[in-house]
Every structure is written in C-alpha cells, then in structure tokens.
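Values quoted throughout were computed directly from the atomic coordinates according to the rules given, and no laboratory measurement underlies them. Only a predicted model underlies this, so the values are computations on that prediction, with no experimental measurement involved. Note: ideal-geometry Cβ built from the backbone for every residue, glycine included; neighbour counts use all protein chains shown.
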Amino acid sequence: MGNPKALISGGSIAGLSTAFWLSQAGWDVTVLERAEAFRDGGQNIDVRGTGREVLRKMGLEDQVRANTTTEKGTVFVNEKGKKVGAFPVEDSDGMTAELEILRGDLARIVLEALPDQVELRYSDWIENVNERGEQVDVTLHSGNIETWDLLIIAEGVRSKTRDKVFHHEVSRKELRLNIAYGTIPRSSQDDDWWRWYTATERRQVSLRPDNQGSIRAMLAFSSDDLNLAAIPVTQAQSELREMFADAGWEAERVLDGFANSEDVYFDYLTQIMMSTWSKGAVCVTGDAAWCVTPLGGGGSSLALIGGYVLAAFLSQASVHEPGSIKSALKNYEDWMRPIIEDSQSLPPGAPNLFYPQSKVGVSTMQTMIRIASLAPFRKLAARIGHVARSKQQLPEMIIAKEKVTV
Ligand SMILES: Cc1cc2nc3c(=O)[nH]c(=O)nc-3n(C[C@H](O)[C@H](O)[C@H](O)COP(=O)(O)OP(=O)(O)OC[C@H]3O[C@@H](n4cnc5c(N)ncnc54)[C@H](O)[C@@H]3O)c2cc1C
C-alpha cells in the first residue's frame, strides 16, 4: 500500500507548516500556490504562545530569533511625537512580542525547512472540486484532473476554493476597519520602537522598524461605508490621502512613502467563521478557516499551530481504515475551536473603542494608556498579548522517520 496523498492549496504560513508536518507523518504532500513564485513581503508579525512551542518542535526557533525585526517595544505618542506610554519588549507578551519577524521571513524559513519529498507547484490553482467521501478529485487550472486522499485548503481569508466547497458554512464578520500597510524609507529620526499615534476621526498611524533598514508603516481608520480593499489601488491611495491629510504626526510622510512604494496593500478586516472545517476528504486551515484579523492577533501563530495539530491527528489515523480520517479531522477541529473562539472574541466596544472620533476621546484614550503603562498595571496590559495560547497539550505527532530527509 502506498503513502496517503494530500494536496495543500496555498503556500503561505498555514500551507507550508501543514506540509512540513504532514510529510514527516509519512504522507506524500503537494503544495499548490497560485502565485508564480514564493510570496515574500508583508509586515511585522509575531510568534506567540503555543505557536512558539510548535516552532520549537520544528527546530526553527533559533532561526526565527536570528531574523527578528529587533523591535524594542511599543510606545504610544501624541501629535508632537511625545511619549504617552511605553511597553518595552521585556514585558513578555506585551504588544511587541519577543519573536517579531517579517511575514515573508517566517514563511521562507518554513519553506526552506520542508522535507525534500514535498512537491511545490506554482502558477496553478483549483478550478473544481469533486468531493467523494473517502477521496477527492481536483480539476486544476492547468487542465489536470487528479485524485487525492485529502485536500487541505490554506488559501487565506479570501479563499475561493473554500467558498466553492463550503459556501453555506462560511460566514464573515466585517470589523469596518481599513488598514493600509507599506514599506517606507527609514529616516535619521526613526528608532527601533513601534511608534503608535491615535488621531481624531477614528484614525491611527504606526511606524515599526524592520531588520532591512526600512520602516514598516500602517495607516488605519474605522469606517462604516468605505472598503479600500475592494477598489482599485490608485483610487484607494487617493482616498487614503484625503482621509489622512490633516491627521498630524508622521501621516504625511507615510502618505508620500506609500505613493512611491511597490508593496502597499489594503486590508478590510474580516473575521471568518465556519460551522465546520471539513467535508469528507476536504478540510480548511489557517486564515481560510478562521481568520482572526490583526485585531484578534496571533494569525501567524494560529497558522503554525493549525498545521501541527491537523498533521498530528492525521499521523495517528490511517486512510485504509474507514472513518479514520474523518475522526482525525474532527479531533483537529475540537482541539482548535477553543483557541480560535478565544482569539475572535474582541473586548466589548472594539474596534471603535480604540478609534476615538473626538479630541476628548483621544485624550481619554491617552490617559488610559498612560495608566496602563505604569509598572503596577503593565502586567495587566500585557494580557493583550496572551493570544494563540492553548491550555490543552499539543497532540502527539507520529513521525515516519525512515522516509524523511530534511
Ligand atoms: C504576501 C502576504 C503579505 C501579508 N502581509 C501581512 C501583514 O503585513 N500583516 C498581517 O497581519 N498579515 C499579513 N498577511 C497575512 C498573514 O500571513 C496571515 O494572516 C497568517 O499568517 C495566516 O496565514 P495563511 O497561510 O492562513 O494565509 P495567507 O498568508 O493569506 O496565505 C494564503 C496563500 O494562499 C495563496 N492562495 C490564495 N488563493 C489561492 C488559490 N486559489 N490557489 C492556490 N493558492 C492560493 C496565496 O497566494 C497565499 O500564498 C500576509 C499574507 C500574504 C500572502
């Protein structure tokens, strides 16, 4: 009997970490990525909680540590750039985590650690899925029709294959928050802190250091009717300019930087909720299954955890035993649900609470930050970083040692 075969659609953190583990569990794994090549880029993300435990099991913690963005902590500033309150990285699990890394660097580290047996296919994607209970037939854009024991969808928040297979089981919660991310030149005034400024009219500006000599900037605003991710980029850029023209602090510099930057991207934060994460021989993982958005936090850690947990339960199952894969998928879902629900439940009043409209609202928020940053309250404030942390033990991974060469 041959090895079981899995197709993973989506070659970012969720897809690659699932491939890493599933291959070690003795599956033949193919990763399908719509982009022409590995997708670099993206901003600062962190690895926290149980995600860090998974990274350690992968043997990649030291490599991630060697590639961190070197951020010293988070400091909230006023319109003059003066400190309102600071949360140094030493407060473990504060806003700046100990392991802060660029998204592209983390994805590349996992990619390079993949066992040789994992097949990577770029520039192709799924056109059609015929789920047949114990197996699944997949029609690819390139024209091939192939049969797999399991299709794992890891295509991110806007996954088309997920919508095709699970359409009625998918619901979305829009948080009415636009975020524009981009890379801008570093200036001599910049430091290695994450500087965060709240302006009136529900706007925020933030600047973060990276390990490449540039600054990762973010402009965020809350709006009930404008979705910048749904309009052409040039139009989104001019809406953004109008929106932040009088925001103050470094807003104008960021707008100018974005106008000359190639990697600006717009997100309209949307949580994904699904009533089930599997259907016969198809399952979902990562943002495609449970996007928690940067507001919930820990999306990349959850992608790492999901990959491990899914593969671990599959490593304990056998495709040759009827019902065995189905119960592995159920165990995966039962294990992951609590940690996802925890990350998706936002504090009462969020996100509007963090995006005040008036000057009075901004100064009330600054007072709260000032108090939270005082030593006696810092531990409490650090709870904000307590994401992607499960009380459960990670399931055991049964490694098929003899066939793996990493
Ligand atoms: C280029 C990029 C930049 C990002 N930047 C940030 C950031 O700055 N801040 C932040 O908080 N999060 C960012 N994210 C999202 C972050 O990576 C995820 O929230 C988190 O890591 C979970 O990862 P994921 O693998 O589930 O989803 P994603 O990282 O979104 O990856 C999904 C992958 O699937 C591929 N894909 C999509 N559709 C198909 C298809 N039909 N067939 C095959 N492949 C498909 C995509 O090209 C992508 O590689 C970024 C993602 C990407 C891809």
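Taking the Cα centre as origin and putting +1 on Lys and Arg beta-carbons and -1 on Asp and Glu beta-carbons, what dipole magnitude results for the range 1-119, to the nearest 20 debye?
That gives the range 1-119 a dipole magnitude of about 300 debye.
How do 231, 179 line up, fewest other C-beta atoms within 10 Å first?
The fewest-first ordering by Cβ neighbours comes to 231, 179.
Explain nothing, just the number: dipole magnitude of the chain about its Cα centre with +1 on each Lys and Arg Cβ and -1 on each Asp and Glu Cβ, in debye rounded to the nearest 20.
Its charge dipole is roughly 1140 debye.
Anyone know which of 259, 312, 328 comes out most mobile in the 10 Å Cα GNM of the chain?
Residue with maximal mean-square fluctuation among 259, 312, 328: 259.
Could you list 74, 147 so that the one with the fewest beta carbons within 10 Å of its beta carbon is first and the one with the most is last?
147, 74
Take residue 34, project a point 7 Å from its Cα along the Cβ direction, then tell me which residues of the range 92-125 have their backbone nitrogen under 16 Å from it.
Only 121-125 pass the distance filter.
Round to a whole angstrom and tell me the spacing of the C-alpha centers of the range 116-188 and the range 290-327.
15 Å
Can you find, among 85, 126, 50, the residue farthest towards the positive end of the dipole of the range 29-187? Put +1 on the C-beta of Lys and Arg, -1 on that of Asp and Glu.
Most positive-ward Cα: 85.
Helix 324-344 versus the longest principal axis of the chain: what angle, 0 to 90°, nearest 10, using Cα atoms?
10 degrees
Among 336, 1, what is the fewest-to-most ranking by other Cβ atoms within 10 Å?
Exposure proxy ranking, most exposed first: 1, 336.
Could you give the angle, 0 to 90 degrees to the nearest 10, between helix 13-24's Cα long axis and the longest principal axis of the Cα atoms of the chain?
30 degrees
Count the DSSP beta bridges whose two residues both fall in the chain, then state the antiparallel fraction as a percent rounded to the nearest 5.
The antiparallel proportion sits near 70 percent.
Which listed residue (358, 60, 154) has the Cα farthest towards the positive end of the charge dipole for the chain, taking +1 on Lys and Arg C-beta and -1 on Asp and Glu C-beta about the Cα centre?
358
For the range 104-200, just say rounded, prolate or oblate: build the C-alpha gyration tensor, square-root its eigenvalues into a ≥ b ≥ c, call rounded for a/c under 1.5, and beyond that prolate if a/b exceeds b/c, oblate if not.
oblate
How much length is gained on full extension from residue 224 to residue 316, taking 0.36 nm per residue of separation minus their Cα-Cα distance?
Working it through step by step, the gained length comes to 28.5 nm.
With the crude spin-label approximation of a point 7 Å out along Cα→Cβ, what separation in nm comes out for residue 370 versus residue 119?
Computed distance between label sites residue 370 and residue 119 equals 6.3 nm.
Taking R0 as 22 Å, what's the FRET efficiency between residue 70 and residue 350 from their Cβ-Cβ distance, rounded to 0.05?
0.15
Compute the long axis of helix 103-112 from its Cα atoms, compare it with the longest principal axis of the Cα atoms of the chain, and write down the angle in degrees, 0 to 90, nearest 10.
30 degrees
Rounded, prolate or oblate: pick one for the range 227-311, where a ≥ b ≥ c are the square roots of the eigenvalues of its C-alpha gyration tensor, a/c under 1.5 means rounded, and failing that, prolate if a/b is larger than b/c, else oblate.
It is prolate, given that a/c is not under 1.5 and a/b is the larger ratio.
Residue separation times 0.36 nm, minus the C-alpha to C-alpha distance between residue 147 and residue 401: what's the value?
Stretched out fully, the residue 147 to residue 401 stretch lengthens by 88.9 nm.
With the convex hull built on the Cα atoms of the chain, state its orientation-averaged projected area in nm².
Dividing the Cα hull surface by four gives the mean projection, 19.6 nm².
Rounded to the nearest 20 Debye, what is the dipole magnitude of the range 129-246 about its Cα centre when Lys and Arg each give +1 and Asp and Glu each give -1 at the C-beta?
Here the range 129-246 has a charge dipole of around 260 debye.
Once every DSSP H run of n ≥ 4 in the chain is given -39500 (n - 2.57) and the sum is divided by its residues, what mean residue ellipticity at 222 nm do you get, rounded to the nearest 500 deg cm²/dmol?
-9500 deg cm²/dmol, from helical runs alone.
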